[in-house]
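> My questions all concern the structure below.
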Amino acid sequence: MGPRPRDPSGSARTGRRRRRRLPGSAGAAAPAAVVVAAALLASCGSEGEEVTADGTPVLNWYINPDSGGQQEIARRCTEENQGRFALNVQILPNNPQGQREQLVRRLVAGDSSVDIMSLDPPFIPEFSEAGFFAPMPPEVADAVSEGVLDGALAGATYADELVTVPFWANTQLLWYRQSVAEEAGLDMSGPVTWDEIIDAAEQTGTTVGVQGRAAESMTVWVNALVVSQGGDVLANPEAPAAEIEVDLDSPEGREAAAIMQRIADAGVGGPQLSTADEDASAALFESDAGGFMVNWPYVWARGQTLVEQGSLEQSVLDDYGWTLYPRVDADVEPATPYGGINLGVGAFTDDPDLAYEAAQCIASVENQTYYFLSNGNPPSNAAAFDDESLLEDYPMAPTIQESTQLAAPRPQTPFYDVVSTGIQRTWRPETADPETTPERSAELITEVLRGEALL
(Lines give C-alpha, C1' and ligand atoms only; values in the text may rest on other atoms or scores of the structure.)
Protein backbone atom coordinates (compact mmCIF):
# COMPACT_ATOMS: atom_id res chain seq x y z
CA MET A 1 0.00 0.00 0.00
CA GLY A 2 4.90 -2.37 1.92
CA PRO A 3 3.75 0.78 -0.02
CA ARG A 4 4.20 4.28 1.21
CA PRO A 5 2.45 6.64 1.39
CA ARG A 6 -0.61 4.87 2.69
CA ASP A 7 -4.05 5.33 1.26
CA PRO A 8 -6.81 3.10 2.59
CA SER A 9 -8.98 3.81 -0.45
CA GLY A 10 -6.51 2.21 -2.79
CA SER A 11 -6.22 5.42 -4.67
CA ALA A 12 -2.72 6.52 -4.08
CA ARG A 13 -0.84 3.49 -3.06
CA THR A 14 2.65 2.96 -4.35
CA GLY A 15 4.48 -0.37 -4.35
CA ARG A 16 8.21 -0.35 -3.66
CA ARG A 17 10.23 -3.31 -4.85
CA ARG A 18 13.43 -4.19 -6.65
CA ARG A 19 12.78 -4.21 -10.39
CA ARG A 20 14.77 -4.05 -13.55
CA ARG A 21 15.93 -0.59 -14.51
CA LEU A 22 13.84 1.06 -17.18
CA PRO A 23 14.86 4.01 -19.28
CA GLY A 24 13.91 6.96 -17.14
CA SER A 25 12.63 4.65 -14.41
CA ALA A 26 11.54 5.77 -10.98
CA GLY A 27 14.99 5.21 -9.58
CA ALA A 28 16.29 7.99 -11.82
CA ALA A 29 13.11 10.05 -11.96
CA ALA A 30 13.48 12.22 -8.89
CA PRO A 31 16.74 13.93 -9.89
CA ALA A 32 15.42 14.53 -13.40
CA ALA A 33 12.21 15.98 -12.03
CA VAL A 34 14.15 18.25 -9.73
CA VAL A 35 16.07 19.54 -12.74
CA VAL A 36 12.81 20.24 -14.55
CA ALA A 37 11.35 22.02 -11.54
CA ALA A 38 14.49 24.04 -11.00
CA ALA A 39 14.46 25.13 -14.61
CA LEU A 40 10.98 26.58 -14.25
CA LEU A 41 12.11 30.00 -13.16
CA ALA A 42 8.70 31.32 -13.95
CA SER A 43 7.69 34.85 -14.70
CA CYS A 44 4.37 36.24 -15.86
CA GLY A 45 3.45 36.25 -19.50
CA SER A 46 1.32 38.81 -21.28
CA GLU A 47 -1.93 37.44 -19.83
CA GLY A 48 -0.62 36.62 -16.37
CA GLU A 49 0.22 32.98 -17.00
CA GLU A 50 3.51 31.55 -15.76
CA VAL A 51 6.25 31.07 -18.34
CA THR A 52 9.82 29.80 -18.25
CA ALA A 53 12.81 31.99 -18.98
CA ASP A 54 12.50 31.12 -22.68
CA GLY A 55 8.77 31.93 -22.77
CA THR A 56 7.36 28.40 -22.53
CA PRO A 57 4.03 28.32 -20.64
CA VAL A 58 4.26 26.57 -17.27
CA LEU A 59 1.50 24.20 -16.21
CA ASN A 60 1.33 23.25 -12.55
CA TRP A 61 0.43 19.62 -11.91
CA TYR A 62 -0.63 18.93 -8.32
CA ILE A 63 0.12 15.30 -7.54
CA ASN A 64 -0.34 12.79 -4.75
CA PRO A 65 3.02 11.58 -3.42
CA ASP A 66 4.36 8.46 -5.12
CA SER A 67 7.75 6.84 -5.83
CA GLY A 68 8.71 9.47 -8.40
CA GLY A 69 6.70 8.17 -11.33
CA GLN A 70 4.55 11.25 -11.86
CA GLN A 71 7.61 13.47 -11.74
CA GLU A 72 9.24 11.34 -14.41
CA ILE A 73 6.10 11.51 -16.56
CA ALA A 74 6.13 15.30 -16.15
CA ARG A 75 9.72 15.34 -17.38
CA ARG A 76 8.86 13.17 -20.36
CA CYS A 77 5.86 15.24 -21.40
CA THR A 78 7.83 18.46 -21.00
CA GLU A 79 10.57 17.13 -23.29
CA GLU A 80 8.22 15.62 -25.87
CA ASN A 81 5.94 18.58 -26.55
CA GLN A 82 8.65 20.69 -28.24
CA GLY A 83 8.26 23.81 -26.17
CA ARG A 84 4.47 24.04 -26.08
CA PHE A 85 4.39 23.71 -22.29
CA ALA A 86 6.52 22.79 -19.29
CA LEU A 87 5.01 20.71 -16.46
CA ASN A 88 5.86 21.84 -12.94
CA VAL A 89 5.04 19.24 -10.27
CA GLN A 90 3.53 20.41 -6.97
CA ILE A 91 3.32 17.66 -4.34
CA LEU A 92 0.19 17.44 -2.21
CA PRO A 93 -0.03 15.99 1.34
CA ASN A 94 0.15 12.22 1.87
CA ASN A 95 -3.41 11.81 3.09
CA PRO A 96 -6.22 11.92 0.47
CA GLN A 97 -8.30 14.18 2.70
CA GLY A 98 -5.32 16.52 3.05
CA GLN A 99 -4.95 16.53 -0.73
CA ARG A 100 -8.63 17.39 -1.13
CA GLU A 101 -8.50 20.18 1.44
CA GLN A 102 -5.50 21.88 -0.13
CA LEU A 103 -7.03 21.75 -3.60
CA VAL A 104 -10.43 22.97 -2.37
CA ARG A 105 -8.87 25.95 -0.61
CA ARG A 106 -7.07 26.96 -3.78
CA LEU A 107 -10.01 26.41 -6.09
CA VAL A 108 -12.52 28.21 -3.88
CA ALA A 109 -10.18 31.19 -4.14
CA GLY A 110 -10.14 30.91 -7.94
CA ASP A 111 -6.44 30.00 -7.99
CA SER A 112 -5.29 29.93 -11.60
CA SER A 113 -2.12 28.03 -10.65
CA VAL A 114 -4.11 24.78 -10.39
CA ASP A 115 -3.77 23.67 -13.99
CA ILE A 116 -3.90 19.88 -13.54
CA MET A 117 -4.59 17.83 -10.43
CA SER A 118 -4.23 14.15 -9.61
CA LEU A 119 -7.53 13.46 -7.91
CA ASP A 120 -8.88 10.63 -5.78
CA PRO A 121 -12.04 9.32 -7.55
CA PRO A 122 -14.49 9.77 -4.61
CA PHE A 123 -13.85 13.52 -4.69
CA ILE A 124 -14.75 13.91 -8.37
CA PRO A 125 -18.51 14.51 -7.93
CA GLU A 126 -17.89 17.18 -5.26
CA PHE A 127 -15.38 19.00 -7.45
CA SER A 128 -17.61 18.74 -10.51
CA GLU A 129 -20.69 20.00 -8.70
CA ALA A 130 -18.68 22.93 -7.31
CA GLY A 131 -17.53 23.94 -10.80
CA PHE A 132 -13.87 23.19 -10.10
CA PHE A 133 -13.21 21.50 -13.47
CA ALA A 134 -12.70 23.22 -16.80
CA PRO A 135 -15.20 21.79 -19.32
CA MET A 136 -13.66 18.92 -21.26
CA PRO A 137 -13.79 19.49 -25.04
CA PRO A 138 -15.73 16.71 -26.83
CA GLU A 139 -12.73 15.72 -28.93
CA VAL A 140 -10.63 15.32 -25.78
CA ALA A 141 -13.36 13.23 -24.12
CA ASP A 142 -13.45 10.96 -27.14
CA ALA A 143 -9.67 10.58 -27.18
CA VAL A 144 -9.14 9.91 -23.47
CA SER A 145 -12.04 7.45 -23.18
CA GLU A 146 -10.96 5.25 -26.09
CA GLY A 147 -9.95 1.83 -24.79
CA VAL A 148 -10.50 2.76 -21.13
CA LEU A 149 -11.76 -0.11 -18.98
CA ASP A 150 -15.39 0.23 -17.93
CA GLY A 151 -14.75 0.59 -14.21
CA ALA A 152 -12.18 3.34 -14.72
CA LEU A 153 -14.44 5.16 -17.17
CA ALA A 154 -17.32 5.07 -14.69
CA GLY A 155 -15.04 6.43 -11.99
CA ALA A 156 -14.04 9.41 -14.17
CA THR A 157 -17.65 10.30 -14.95
CA TYR A 158 -20.22 12.34 -13.09
CA ALA A 159 -23.83 13.04 -14.10
CA ASP A 160 -23.29 11.04 -17.31
CA GLU A 161 -20.44 13.31 -18.37
CA LEU A 162 -16.72 12.56 -18.50
CA VAL A 163 -15.28 15.25 -16.25
CA THR A 164 -11.77 13.92 -15.58
CA VAL A 165 -9.11 12.11 -17.60
CA PRO A 166 -8.64 8.45 -16.54
CA PHE A 167 -5.01 7.97 -15.48
CA TRP A 168 -4.39 4.87 -13.39
CA ALA A 169 -6.86 2.50 -11.85
CA ASN A 170 -6.78 0.28 -8.81
CA THR A 171 -8.91 -2.70 -7.90
CA GLN A 172 -9.04 -5.33 -5.21
CA LEU A 173 -8.43 -9.00 -5.95
CA LEU A 174 -9.11 -12.14 -3.97
CA TRP A 175 -5.71 -13.44 -2.88
CA TYR A 176 -5.38 -16.99 -1.64
CA ARG A 177 -2.77 -19.49 -0.55
CA GLN A 178 -2.79 -22.20 -3.20
CA SER A 179 -1.99 -24.88 -0.63
CA VAL A 180 -4.96 -23.82 1.52
CA ALA A 181 -7.39 -23.82 -1.39
CA GLU A 182 -6.15 -27.26 -2.43
CA GLU A 183 -6.52 -28.61 1.10
CA ALA A 184 -10.07 -27.30 1.24
CA GLY A 185 -10.89 -28.78 -2.16
CA LEU A 186 -11.83 -25.34 -3.44
CA ASP A 187 -11.59 -24.88 -7.21
CA MET A 188 -10.11 -21.41 -7.76
CA SER A 189 -10.16 -21.64 -11.56
CA GLY A 190 -13.74 -20.40 -11.58
CA PRO A 191 -15.86 -17.98 -9.56
CA VAL A 192 -15.91 -18.36 -5.78
CA THR A 193 -18.25 -16.87 -3.22
CA TRP A 194 -17.79 -15.32 0.21
CA ASP A 195 -19.54 -18.33 1.74
CA GLU A 196 -17.11 -20.69 0.04
CA ILE A 197 -13.96 -18.94 1.25
CA ILE A 198 -15.34 -18.61 4.79
CA ASP A 199 -16.13 -22.34 4.78
CA ALA A 200 -12.67 -23.13 3.40
CA ALA A 201 -10.95 -21.02 6.06
CA GLU A 202 -12.97 -22.72 8.82
CA GLN A 203 -12.16 -26.15 7.42
CA THR A 204 -8.41 -25.48 7.22
CA GLY A 205 -8.02 -23.41 10.36
CA THR A 206 -6.87 -20.37 8.37
CA THR A 207 -8.15 -16.81 7.93
CA VAL A 208 -10.01 -14.49 5.58
CA GLY A 209 -8.18 -11.15 5.55
CA VAL A 210 -10.58 -8.19 5.33
CA GLN A 211 -10.42 -4.52 6.31
CA GLY A 212 -12.70 -4.15 9.32
CA ARG A 213 -11.35 -0.85 10.57
CA ALA A 214 -13.58 2.22 10.82
CA ALA A 215 -11.93 3.89 7.83
CA GLU A 216 -12.39 4.46 4.12
CA SER A 217 -11.68 0.78 3.58
CA MET A 218 -14.98 -0.02 5.33
CA THR A 219 -16.89 2.03 2.77
CA VAL A 220 -14.99 0.23 0.02
CA TRP A 221 -16.05 -3.14 1.44
CA VAL A 222 -19.70 -2.25 2.11
CA ASN A 223 -20.08 -0.72 -1.34
CA ALA A 224 -18.58 -3.77 -3.05
CA LEU A 225 -20.85 -6.18 -1.13
CA VAL A 226 -23.99 -4.18 -1.89
CA VAL A 227 -23.28 -3.36 -5.54
CA SER A 228 -22.15 -6.93 -6.25
CA GLN A 229 -25.77 -7.94 -5.62
CA GLY A 230 -27.17 -5.32 -7.98
CA GLY A 231 -28.00 -2.88 -5.19
CA ASP A 232 -26.79 0.64 -4.46
CA VAL A 233 -25.70 2.50 -1.36
CA LEU A 234 -27.61 5.55 -2.66
CA ALA A 235 -30.65 5.32 -4.91
CA ASN A 236 -30.14 8.81 -6.35
CA PRO A 237 -26.55 9.95 -5.63
CA GLU A 238 -26.73 13.12 -7.75
CA ALA A 239 -29.76 14.54 -5.89
CA PRO A 240 -29.57 17.48 -3.46
CA ALA A 241 -28.68 16.48 0.08
CA ALA A 242 -32.22 16.73 1.43
CA GLU A 243 -33.55 14.47 -1.34
CA ILE A 244 -30.94 11.70 -1.35
CA GLU A 245 -32.38 8.26 -0.64
CA VAL A 246 -30.02 5.96 1.25
CA ASP A 247 -30.63 2.42 0.02
CA LEU A 248 -28.65 0.44 2.58
CA ASP A 249 -31.68 -0.84 4.48
CA SER A 250 -32.40 -3.33 1.73
CA PRO A 251 -31.99 -7.06 1.03
CA GLU A 252 -28.54 -6.28 -0.41
CA GLY A 253 -27.53 -4.28 2.67
CA ARG A 254 -28.76 -6.99 5.01
CA GLU A 255 -26.83 -9.66 3.11
CA ALA A 256 -23.69 -7.48 3.29
CA ALA A 257 -24.09 -7.32 7.07
CA ALA A 258 -24.69 -11.08 7.21
CA ILE A 259 -21.37 -11.75 5.44
CA MET A 260 -19.51 -9.56 7.92
CA GLN A 261 -21.33 -11.24 10.79
CA ARG A 262 -20.42 -14.68 9.55
CA ILE A 263 -16.72 -13.81 9.24
CA ALA A 264 -16.75 -12.59 12.83
CA ASP A 265 -18.82 -15.48 14.20
CA ALA A 266 -16.65 -18.07 12.42
CA GLY A 267 -13.52 -16.55 13.93
CA VAL A 268 -11.74 -16.47 10.56
CA GLY A 269 -11.14 -12.70 10.47
CA GLY A 270 -8.08 -12.80 12.70
CA PRO A 271 -7.52 -11.34 16.16
CA GLN A 272 -7.59 -7.71 14.98
CA LEU A 273 -10.65 -7.96 12.76
CA SER A 274 -12.31 -4.67 13.73
CA THR A 275 -9.09 -2.66 13.57
CA ALA A 276 -7.51 -4.28 10.52
CA ASP A 277 -6.47 -2.05 7.64
CA GLU A 278 -4.89 -3.15 4.35
CA ASP A 279 -1.43 -3.63 5.85
CA ALA A 280 -2.78 -5.62 8.81
CA SER A 281 -4.70 -7.84 6.41
CA ALA A 282 -1.57 -8.37 4.35
CA ALA A 283 0.45 -9.27 7.46
CA LEU A 284 -2.22 -11.79 8.47
CA PHE A 285 -2.13 -13.34 5.00
CA GLU A 286 1.67 -13.58 5.15
CA SER A 287 1.53 -15.41 8.47
CA ASP A 288 1.11 -19.14 9.06
CA ALA A 289 -2.63 -18.47 9.48
CA GLY A 290 -2.96 -16.98 6.00
CA GLY A 291 -5.62 -18.48 3.77
CA PHE A 292 -7.60 -15.86 1.84
CA MET A 293 -7.61 -12.07 1.60
CA VAL A 294 -9.26 -9.25 -0.31
CA ASN A 295 -6.76 -6.48 -1.00
CA TRP A 296 -5.16 -4.21 -3.59
CA PRO A 297 -2.36 -5.43 -5.93
CA TYR A 298 0.32 -3.73 -3.86
CA VAL A 299 0.49 -6.85 -1.67
CA TRP A 300 2.49 -8.59 -4.41
CA ALA A 301 5.24 -5.96 -4.38
CA ARG A 302 5.07 -5.93 -0.59
CA GLY A 303 5.64 -9.68 -0.49
CA GLN A 304 8.61 -9.45 -2.84
CA THR A 305 10.15 -6.71 -0.70
CA LEU A 306 9.76 -8.82 2.44
CA VAL A 307 11.41 -11.78 0.70
CA GLU A 308 14.33 -9.57 -0.33
CA GLN A 309 14.64 -8.36 3.28
CA GLY A 310 14.62 -11.92 4.57
CA SER A 311 11.44 -11.52 6.63
CA LEU A 312 9.25 -13.70 4.39
CA GLU A 313 10.10 -17.09 2.96
CA GLN A 314 10.12 -17.34 -0.82
CA SER A 315 7.97 -20.45 -0.48
CA VAL A 316 5.19 -18.31 1.03
CA LEU A 317 5.24 -15.90 -1.90
CA ASP A 318 5.33 -18.83 -4.32
CA ASP A 319 2.14 -20.08 -2.68
CA TYR A 320 0.23 -16.87 -3.54
CA GLY A 321 -2.70 -17.20 -5.89
CA TRP A 322 -5.13 -14.58 -7.11
CA THR A 323 -8.50 -14.37 -8.77
CA LEU A 324 -11.47 -12.02 -9.04
CA TYR A 325 -13.14 -10.58 -5.93
CA PRO A 326 -15.52 -13.04 -4.23
CA ARG A 327 -19.11 -13.16 -5.41
CA VAL A 328 -22.03 -12.72 -3.05
CA ASP A 329 -24.33 -14.65 -5.37
CA ALA A 330 -22.66 -17.50 -7.28
CA ASP A 331 -24.51 -16.50 -10.45
CA VAL A 332 -23.73 -12.74 -10.38
CA GLU A 333 -20.37 -11.22 -11.29
CA PRO A 334 -18.78 -9.13 -8.52
CA ALA A 335 -18.70 -5.35 -8.62
CA THR A 336 -15.06 -5.09 -7.64
CA PRO A 337 -13.68 -2.19 -5.56
CA TYR A 338 -12.28 0.68 -7.62
CA GLY A 339 -9.61 3.23 -6.78
CA GLY A 340 -6.78 5.00 -8.56
CA ILE A 341 -6.15 8.54 -9.71
CA ASN A 342 -7.78 10.67 -12.41
CA LEU A 343 -6.63 13.98 -13.84
CA GLY A 344 -8.76 17.06 -13.41
CA VAL A 345 -8.11 20.32 -15.23
CA GLY A 346 -8.71 23.30 -12.96
CA ALA A 347 -11.57 25.63 -13.83
CA PHE A 348 -9.42 28.74 -13.38
CA THR A 349 -6.34 27.70 -15.38
CA ASP A 350 -5.15 30.34 -17.83
CA ASP A 351 -5.04 27.83 -20.69
CA PRO A 352 -7.47 24.91 -20.34
CA ASP A 353 -6.81 23.63 -23.87
CA LEU A 354 -3.10 23.39 -23.16
CA ALA A 355 -3.79 21.75 -19.80
CA TYR A 356 -5.97 19.11 -21.48
CA GLU A 357 -3.22 18.52 -24.02
CA ALA A 358 -0.79 17.92 -21.18
CA ALA A 359 -3.26 15.65 -19.37
CA GLN A 360 -3.54 13.53 -22.52
CA CYS A 361 0.22 13.17 -22.59
CA ILE A 362 0.34 12.22 -18.91
CA ALA A 363 -2.33 9.55 -19.38
CA SER A 364 -0.97 8.14 -22.63
CA VAL A 365 -0.84 4.37 -22.96
CA GLU A 366 2.96 4.50 -22.92
CA ASN A 367 3.04 6.48 -19.69
CA GLN A 368 0.44 4.24 -18.05
CA THR A 369 2.56 1.19 -18.87
CA TYR A 370 5.66 2.92 -17.53
CA TYR A 371 3.84 3.91 -14.34
CA PHE A 372 2.72 0.34 -13.69
CA LEU A 373 6.22 -1.07 -14.19
CA SER A 374 7.99 1.63 -12.19
CA ASN A 375 5.54 2.49 -9.42
CA GLY A 376 3.16 -0.48 -9.37
CA ASN A 377 0.04 1.52 -10.20
CA PRO A 378 -2.13 -0.33 -12.76
CA PRO A 379 -3.32 1.24 -16.03
CA SER A 380 -6.85 2.41 -16.75
CA ASN A 381 -6.51 1.72 -20.48
CA ALA A 382 -6.76 -1.82 -21.84
CA ALA A 383 -4.03 -1.18 -24.42
CA ALA A 384 -1.46 -0.62 -21.67
CA PHE A 385 -1.92 -4.22 -20.60
CA ASP A 386 -0.81 -5.44 -24.04
CA ASP A 387 2.84 -5.04 -23.05
CA GLU A 388 3.87 -8.63 -22.28
CA SER A 389 6.76 -7.40 -20.15
CA LEU A 390 4.18 -6.57 -17.48
CA LEU A 391 3.78 -10.27 -16.77
CA GLU A 392 7.37 -10.57 -15.60
CA ASP A 393 6.80 -8.22 -12.67
CA TYR A 394 3.03 -8.57 -12.34
CA PRO A 395 1.82 -12.02 -13.41
CA MET A 396 -1.63 -11.10 -12.10
CA ALA A 397 -1.93 -8.22 -14.61
CA PRO A 398 -4.64 -9.99 -16.71
CA THR A 399 -6.72 -10.49 -13.56
CA ILE A 400 -6.27 -6.82 -12.63
CA GLN A 401 -7.45 -5.86 -16.12
CA GLU A 402 -10.53 -8.07 -15.87
CA SER A 403 -11.28 -6.80 -12.38
CA THR A 404 -11.02 -3.15 -13.44
CA GLN A 405 -13.45 -3.86 -16.25
CA LEU A 406 -15.96 -5.08 -13.62
CA ALA A 407 -15.15 -2.40 -11.02
CA ALA A 408 -17.79 -0.12 -9.56
CA PRO A 409 -16.97 3.27 -8.04
CA ARG A 410 -18.07 4.23 -4.57
CA PRO A 411 -21.25 6.38 -4.34
CA GLN A 412 -20.81 9.23 -6.80
CA THR A 413 -22.29 12.05 -4.81
CA PRO A 414 -21.07 15.55 -3.89
CA PHE A 415 -21.83 14.54 -0.30
CA TYR A 416 -19.55 11.54 -0.35
CA ASP A 417 -17.78 12.48 2.88
CA VAL A 418 -21.07 12.31 4.80
CA VAL A 419 -21.96 8.95 3.26
CA SER A 420 -18.55 7.40 3.86
CA THR A 421 -18.24 8.70 7.41
CA GLY A 422 -21.75 7.48 8.19
CA ILE A 423 -20.84 3.98 7.02
CA GLN A 424 -17.62 4.01 9.01
CA ARG A 425 -19.53 5.00 12.16
CA THR A 426 -22.10 2.20 11.92
CA TRP A 427 -20.51 -0.87 10.31
CA ARG A 428 -18.19 -3.22 12.24
CA PRO A 429 -17.67 -6.91 11.48
CA GLU A 430 -17.84 -7.91 15.14
CA THR A 431 -21.14 -6.08 15.74
CA ALA A 432 -22.69 -6.41 12.28
CA ASP A 433 -26.35 -7.48 12.44
CA PRO A 434 -28.50 -7.81 9.32
CA GLU A 435 -31.55 -6.68 11.28
CA THR A 436 -30.09 -3.49 12.70
CA THR A 437 -26.82 -2.38 11.03
CA PRO A 438 -28.16 -1.39 7.57
CA GLU A 439 -31.16 0.40 9.10
CA ARG A 440 -29.06 2.30 11.64
CA SER A 441 -26.54 3.28 8.96
CA ALA A 442 -29.24 4.51 6.57
CA GLU A 443 -30.92 6.52 9.31
CA LEU A 444 -27.71 8.23 10.43
CA ILE A 445 -26.64 9.20 6.92
CA THR A 446 -30.13 10.44 6.06
CA GLU A 447 -30.36 12.53 9.23
CA VAL A 448 -26.99 14.16 8.57
CA LEU A 449 -27.88 14.90 4.95
CA ARG A 450 -31.16 16.47 6.10
CA GLY A 451 -29.34 18.59 8.69
CA GLU A 452 -30.99 16.74 11.58
CA ALA A 453 -27.80 15.27 13.04
CA LEU A 454 -24.05 15.83 13.04
CA LEU A 455 -21.23 13.40 12.43
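The values are calculated or read from the model by the stated rules, or taken from the named source; none is laboratory data. Everything numeric in this text was worked out from a predicted model, so none of it was measured. So basically every Cβ, Gly included, is an ideal-geometry build from the backbone, and we count neighbours across all protein chains shown. Just so you know, the surface numbers come from the protein's heavy atoms only, side chains and all, with ligands and any DNA or RNA stripped out. Shrake-Rupley method; radii C 1.70, N 1.55, O 1.52, S 1.80 Å.
So that you can scan it fast, the table gives a plain yes or no per residue for (1) among the hydrophobic types (A, V, I, L, M, F, W, C); (2) open to solvent by less than 10 Å² (accessible area, probe 1.4 Å):
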| residue | (1), (2) |
| --- | --- |
| ASN95 | no, no |
| ARG100 | no, no |
| ILE116 | yes, yes |
| PRO122 | no, no |
| GLU139 | no, no |
| ASP142 | no, no |
| GLY151 | no, yes |
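> Continuing with this model, one more query. Consider ARG450 against the criteria (1) crowded, with 17+ Cβ neighbours inside 10 Å; (2) within 24 Å of ALA256 (Cβ to Cβ): it satisfies all of them except one. Which criterion is unmet?
Failed condition: (1).
> Related question: Among (1) closer than 24 Å to VAL163 by Cβ; (2) open to solvent by 20 Å² or more (accessible area, probe 1.4 Å); (3) hydroxyl-bearing (Ser, Thr, Tyr), there is one condition SER389 misses while meeting the rest; what is its number?
(1)
> When you check ASP277 against the structure, is it among the acidic types (Asp, Glu) and buried (at least 17 other Cβ atoms within 10 Å of the Cβ), yes or no?
yes
> Are any residues in region 146-187 part of a strand (DSSP E or B), within 19 Å of ALA359 (Cβ to Cβ) and hydroxyl-bearing (Ser, Thr, Tyr), and if so, which ones?
THR157, TYR158
> From the list ILE341, ILE263, pick out the single residue that is closer than 20 Å to THR404 by Cβ and of a type in the set (Val, Ile, Thr).
Only one candidate passes the filter, namely ILE341.
> So which of GLU72, GLU47, GLU126 is modelled with pLDDT of 95 or more and surrounded by fewer than 22 Cβ atoms within 10 Å (Cβ to Cβ)?
The match here is GLU126.
> Still on this structure, I have one more. Check ALA289, ALA257, ALA264 and return the single one that is more than 20 Å from ASP393 (Cα to Cα), open to solvent by 30 Å² or more (accessible area, probe 1.4 Å) and of a type in the set (A, V, I, L, M).
ALA289
> When ASN170 is evaluated against the numbered criteria (1) touching a strand residue (DSSP E or B) at 6+ places or on another chain (Cβ under 9 Å); (2) open to solvent by 30 Å² or more (accessible area, probe 1.4 Å), which criterion, by number, is the only one it fails?
ASN170 satisfies all of (1) touching a strand residue (DSSP E or B) at 6+ places or on another chain (Cβ under 9 Å); (2) open to solvent by 30 Å² or more (accessible area, probe 1.4 Å) except (2).
> Still on this structure, I have one more. Which of the residues belonging to region 194-251 are surrounded by fewer than 19 Cβ atoms within 10 Å (Cβ to Cβ), within 16 Å of ILE423 (Cα to Cα) and of a type in the set (Asp, Glu)?
GLU245, ASP249
> Something else: Does ASP433 meet the test of being surrounded by fewer than 22 Cβ atoms within 10 Å (Cβ to Cβ), over 22 Å from ARG254 (Cβ atoms) and not small (Gly, Ala, Ser)?
So ASP433 fails the test.
> In region 246-269, which residues are touching a strand residue (DSSP E or B) at 6+ places or on another chain (Cβ under 7 Å) and part of a loop (DSSP other than H, G, I, E, B)?
Result: ASP247, VAL268, GLY269.
> Please determine whether any residue of region 346-361 is more than 27 Å from SER67 (Cα to Cα), of a type in the set (A, V, I, L, M) and in a loop (DSSP other than H, G, I, E, B).
Among the residues of region 346-361, at least one is more than 27 Å from SER67 (Cα to Cα), of a type in the set (A, V, I, L, M) and in a loop (DSSP other than H, G, I, E, B), which makes the answer yes.
> From ALA242, ALA283, grab the single residue that is farther than 18 Å from TRP194 by Cα and out of contact with any helix residue (DSSP H, G or I) (no Cβ under 9 Å at 6 or more places or on another chain).
ALA283
> Here is a follow-up. If I filter region 405-415 for residues that are crowded, with 23+ Cβ neighbours inside 10 Å, in a helix (DSSP H, G or I) and within 25 Å of the chain's Cα centre (by Cα), do I get at least one hit?
No, that holds for no residue.
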